[in-house]
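Structure, as structure tokens:
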Amino acid sequence: MNRFRMLFDKKKPAQEAIQVEATVTHEATMKLKGNTIEKMVVPEPGKTILQHAKDHEIDWQHMCKRGTCARCRCQVLEGAEFLEEPTEAEHKRLDPEEFDEGFRLGCQAVVKTSGIISARNKTYF
Ligand code: FES
């Protein structure tokens, strides 16, 4: 059975649901924090952080989706090693100091491999 389905299956005893939840937290997860919504989602290699946020209805700001507006800018707090290297668009749009502080563009930052990743949408305005 799908582990997430088990989490929300009301017919399962509460104790079993708790055990499943504990298992999920030890596996590869992405913690994404939008403007007001924060969720744990399963990372899918090949998808951007923004795609993950949109797929899971997290209120992640964005506009152009091509690396120019920076509305999707985010700070990766954990798991940067599980993301592809910054794109040319990110190098053009972000300052070197921002990279040092873990900032990426959500529409450009692609998940490379599964792992524990944490990011929050942090725009300039
Ligand atoms: S949506 Fe515009 S830079 Fe990402």
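The values are calculated or read from the model by the stated rules, or taken from the named source; none is laboratory data. Remember, it's a predicted structure, so these values are computed and weren't measured experimentally. A quick note on method: Cβ atoms are made from the backbone with ideal geometry, for glycine too, and the neighbour counts reach across all protein chains shown.
Looking at segment 74-86, can you tell me whether even one residue there is within 13 Å of the ligand (Cβ to nearest atom) and touching a residue at least 24 places away in the same chain (Cβ under 8 Å)?
The answer is yes; a qualifying residue exists.
Can you tell me which residue within segment 52-63, out of those that are exposed (fewer than 14 other Cβ atoms within 10 Å of the Cβ) and part of a loop (DSSP other than H, G, I, E, B), is farthest from the ligand (Cβ to nearest atom)?
Applying the filter and picking the extreme gives E57.
For V41, state whether it is closer than 18 Å to T123 by Cβ, surrounded by 15 or more Cβ atoms within 10 Å (Cβ to Cβ), aliphatic (A, V, I, L, M) and touching a strand residue (DSSP E or B) at 6+ places or on another chain (Cβ under 6 Å).
no
Would you confirm whether any residue within segment 95-103 is closer than 19 Å to Q51 by Cα, of a type outside the set (S, T, N, Q), under 13 Å from the mean Cα position of the chain (by Cα) and surrounded by 14 or more Cβ atoms within 10 Å (Cβ to Cβ)?
yes
Of everything in segment 85-113 that's assigned to a loop (DSSP other than H, G, I, E, B) and in contact with a Ser or Thr (Cβ under 9 Å, 6 or more places away or on another chain), which residue is farthest from M40 (Cα to Cα)?
Within segment 85-113, the match that is farthest from M40 (Cα to Cα) is Q108.
Return the residues of segment 111-122 that are in contact with a helix residue (DSSP H, G or I) (Cβ under 9 Å, 6 or more places away or on another chain) and either over 19 Å from K39 (Cβ atoms) or surrounded by fewer than 19 Cβ atoms within 10 Å (Cβ to Cβ) (or both); say none if nothing qualifies.
K112, T113, S114, G115, I116
In segment 8-51, which residue that is assigned to a helix (DSSP H, G or I) and at pLDDT 95 or above is farthest from L77 (Cα to Cα)?
Restricting to residues being assigned to a helix (DSSP H, G or I) and at pLDDT 95 or above, the top hit is Q51.
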